[in-house]
1. Kindly provide the set of residues from the stretch 187-211 that are within 16 Å of the ligand (Cβ to nearest atom) and among the aromatic types (Phe, Trp, Tyr), ordered by number.
2. Cβ-Cβ below 9 Å, separation at least six or inter-chain, first residue in the stretch 217-232 and on the phi > 0 side of the Ramachandran plot, second within 16 Å of the ligand (Cβ to nearest atom) and open to solvent by less than 90 Å² (accessible area, probe 1.4 Å): which pairs?
3. Residues Ile121, Ile113: which one is more than 10 Å from the ligand (Cβ to nearest atom), of a type in the set (Val, Ile, Thr) and open to solvent by less than 30 Å² (accessible area, probe 1.4 Å)?
4. At pLDDT below 95 and open to solvent by less than 60 Å² (accessible area, probe 1.4 Å) - does that describe any residue in the stretch 49-63?
5. Do we have Asn76 as open to solvent by 30 Å² or more (accessible area, probe 1.4 Å) and assigned to a strand (DSSP E or B) here?
6. May I ask you to verify whether Asp192 is farther than 29 Å from Arg74 by Cα and touching a residue at least 40 places away in the same chain (Cβ under 8 Å)?
7. In the stretch 27-44, which residues are more than 9 Å from the ligand (Cβ to nearest atom) and over 14 Å from the mean Cα position of the chain (by Cα)?
8. Mind listing whichever residues of the stretch 45-70 are among the polar types (S, T, N, Q) and more than 13 Å from the ligand (Cβ to nearest atom)?
Amino acid sequence: MTGLQHFNNAIITKKKIINSDLCLINFEVENWHKHVPGQYSEICLTAENGYQAIRPYSIASSPDEKSVTFLIERINNGEVSNFLYDISTEGDNFQVSNPIGKRFILQNKKIPIFVASGSGIAPFISMSKYLANKNKRFYMYHWSKNFSGLVIYEENKSYINSLYFPNITRNKPPNWTGGDSRINSKTFNNLDLNNQYEFYVCGSDFFVENALDIISNLGKKFDIYTERFGSF
Ligand SMILES: Cc1cc2nc3c(=O)[nH]c(=O)nc-3n(C[C@H](O)[C@H](O)[C@H](O)COP(=O)(O)OP(=O)(O)OC[C@H]3O[C@@H](n4cnc5c(N)ncnc54)[C@H](O)[C@@H]3O)c2cc1C
């Protein structure tokens, strides 16, 4: 046990650097309790002198997968994210808590709409894989600085501009057919507002506040769930 949460021994089985900001890390976690899409775990680093640093990370794998995946965004001077991105490697041992949180879990009672910026896509990787396995429909809006940051583009590209709305705000590739503007009052114009939707919004504090304003101004009352990763 470490602190209040129950932590399990975990070993990195795979690490994939996506770009200069993002990496995906797979862990094999002892005694892993199946999670509900949308939950997070705490990752604990322990230094040789016993110093520990703990941060929460959304679980990006679906509940059916054997390994537990996290999408880590490297933050300038960030203690844990830098270690995970720069230094950690396959075979390293960590501690990962049991899944936490009921506030942001997938309800799946209405049509889910995922709204993410940057690494805020992490819980929606889990949710969308889970729904895709059940042939359930969802909408996904994702903003990224560059193409490589659209980490689940390949899985969703056949739905581009119908159910999947990727947006690149800085380095668009040539012939890019997705969006290129920031979230704004026209973003959700394609939705039939007479439908029943549940909105999930995840990303920086600033992005979540902005998205909440825009969704609240659509003129209908929707279920809205938010996850804030911090101020950046
Ligand atoms: C429920 C929850 C789920 C999360 N899931 C994810 C996830 O899936 N992937 C992910 O990458 N992160 C996620 N985060 C953010 C993560 O927990 C850390 O806050 C982040 O990795 C920074 O930690 P650090 O130790 O690297 O930085 P710290 O050493 O804690 O902070 C260093 C400096 O950076 C600032 N800072 C803190 N957070 C950020 C940030 N996000 N961006 C820019 N500056 C920051 C701090 O104010 C501080 O000045 C989640 C946060 C929460 C609350």
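The values are calculated or read from the model by the stated rules, or taken from the named source; none is laboratory data. Quick caveat: nothing in here was measured; it's all calculated off a predicted structure. Neighbour counts run over all protein chains shown; Cβ positions are idealised from the backbone, glycine included. Areas reflect the complete protein model, heavy atoms only, side chains present, ligands, DNA and RNA absent. Shrake-Rupley method; radii C 1.70, N 1.55, O 1.52, S 1.80 Å.
1. Those that are within 16 Å of the ligand (Cβ to nearest atom) and among the aromatic types (Phe, Trp, Tyr): Tyr200, Phe206, Phe207.
2. What qualifies is Gly230/Ile75; Gly230/Ser204; Gly230/Asp205.
3. Within the list Ile121, Ile113, the selection yields Ile113.
4. Scanning the stretch 49-63 turns up at least one residue that is at pLDDT below 95 and open to solvent by less than 60 Å² (accessible area, probe 1.4 Å).
5. Considered against the rule, which asks whether it is open to solvent by 30 Å² or more (accessible area, probe 1.4 Å) and assigned to a strand (DSSP E or B), Asn76 comes out as no.
6. no
7. Result: Phe27, Glu28, Val29, Glu30, Asn31, Trp32, His33, Lys34, His35, Cys44.
8. Residues satisfying the conditions are Thr46, Asn49, Ser62, Ser67.
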